[in-house]
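FYI, it's all coordinate maths here, none of it is from the lab. All values reported here derive from a predicted model rather than from experimental measurement. No Cβ is skipped: glycine too gets one built from the backbone with ideal geometry, and neighbour counts run over all protein chains shown.
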Amino acid sequence: MSGMPFTFEGKAEMMERALGSAGISILCQDARLSIFYAENLPPHFAALFAPGGSDAVLFGDAHGRYLTALKHKVLETGIPNNAEVEIDVDGERRTYELKIQRTGERGAHGLLSVMAEVTESRHREKVLKSLLRELSHRSKNLLAIIQGIATQTARNTLSLDSFLLKFRGRLQSLSNSQDLITDSSWRGAYLFELAEKQFAPYWPETAGSMPIYGINAHLTPNAAVHLGLALHELIVNSASFGAIAGGAASITLNCREAMINDRKAIEVAWAEVLHDQSEIHEFSDNSFGRTVLERVVPSSVNGKAELNLIPGRIEYRLTIPESEFEIFKRV
């Protein structure tokens with residue numbers, strides 16, 4: 001291969017370009033830790049640099065003391081080390097990583113520090129750690145809910161087959177709610193979408209559109225999970241013994257504004273007309289379904305609930321405080 005050899009100036013220019021494209025800076029220091037050479041420093045460091053300067057001049061007194069101690073150790077042992085410093089630049093916190101190693105011959109040692117900005121990667125790491133902590137917290141809450149469902153279902157069933165049928169249905173309800181929450185990046189779920197998910201496996205095709213009216217509130221993840229469980233109990237009961245089982249679409253689910261202890265709230269109201277107008281439907285006093293509706297769900301959302309079983313009707317009202325929802329749409 002033929003061609004002109006690089007001059008020293010040409011090599012220096014190419015190295016400078018390479019460092020710039022990689023976002024890397026170089027600091028060279030003598031055994032007294034005086035900086036005698038620097039390349040490709042960011043503007044805020046370049047403005048402070050002068051040959052013979054120190055780490056304290058570039059990074060501030062606190063970081064300077066930390067780096068001085070660390071670099072003396074590298075000089076003494078010859079073992080490379082890394083350091084990170086956070087600097088305020090124009091009101092923004094920026095993080096720099098320094099990879100420090102000893103250079104030169106015995107008796108004439110110095111230090112080479114390769115510096116790169118890692119602000120974005122450290123921010124991503126912090127966000128990821130925060131998300132993982134949140135995921136762990138939510139997973140533990142979900143497991144606690146599942147454990148409660150399993151325990152209460154077992155207490156109120158007399159056979160394994162009955163337990164499995166009810167438990168699987170409740171787990172599927174929980175899964176349907178969780179799908180909506182996950183799709184929204186854990187921000188929650190819209191009430192109408194949540195109700196449609198719970199109705200879908202049981203609503204007769206001949207019954208027309210699902211009977212959901214009023215305010216389409218956006219629920220927190222906690223409210224979405226527990227309202228989903230309440231709707232599941234009402235819908236399964238209706239599909240087993242009530243209006244859906246009788247083939248009639250005489251159910252309405254309505255959400256409207258309300259108050260609870262002088263605080264804004266929404267009331268989610270279920271009204272079901274039974275085929276036999278003289279029938280008084282009976283949830284077993286000890287059934288898990290009734291426990292969910294009257295105790296578990298209202299307690300979990302810091303609200304209140306009322307279940308009324310009157311001749312020919314089943315009525316359920318759940319009041320949810322404003323801390324558990326946002327109002328987006330009225331239909």
*Relative to the present Cα-Cα distance, how much length would full extension add between E76 and K140 at 0.36 nm per residue of separation?*
18.1 nm
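When ranked by the protection proxy of mean other Cβ atoms within 10 Å per residue, highest first, what sequence do the peptides 34-41, 223-230, 132-139 form?
Numbers: 34-41: 16.1, 223-230: 26.0, 132-139: 11.1.
In descending order of packing, they fall as 223-230, 34-41, 132-139.
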*asked:* Once R0 is set to 25 Å, what does the formula 1/(1 + (r/R0)^6) return for the Cβ-Cβ distance between R263 and E306, expressed as a FRET efficiency to the nearest 0.05?
replied: 0.90
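May I ask you to derive the FRET efficiency for V118 and R187 from their Cβ-Cβ distance with R0 = 25 Å, giving the value to the nearest 0.05?
Details: r = 30 Å, r/R0 = 1.18.
Computed FRET efficiency for V118 and R187: 0.25.
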*For region 162-174, in order, what is each residue's ³J(HN,Hα) by Karplus, 6.51 cos²θ - 1.76 cosθ + 1.60 with θ = phi - 60°, in whole Hz (x at glycine and Pro)?*
5, 4, 4, 4, 5, 5, 5, x, 5, 5, 5, 4, 4
*Check cross-link reach from K140 to the lysines: straight Cα distance under 29 Å, and skip same-chain residues fewer than eight apart.*
K126, K129, K166, K197, K304
_Degrees between helix 119-155 axis and first principal axis of the chain (Cα, 0 to 90, nearest 10)_ = 30
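Using Cα-Cα distances under 8 Å and only pairs 6 or more residues apart, what relative contact order does the chain have, in percent? Before the final figure, lay out the partial values.
On the way: 506 pairs, mean separation 35.9, N = 331.
Dividing the mean separation by the residue count of the chain yields 11 percent.
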*asked:* Given the -39500 (n - 2.57) contribution per DSSP H run of 4+ residues, what per-residue ellipticity at 222 nm results for the chain, rounded to the nearest 500 deg cm²/dmol?
replied: -13500 deg cm²/dmol
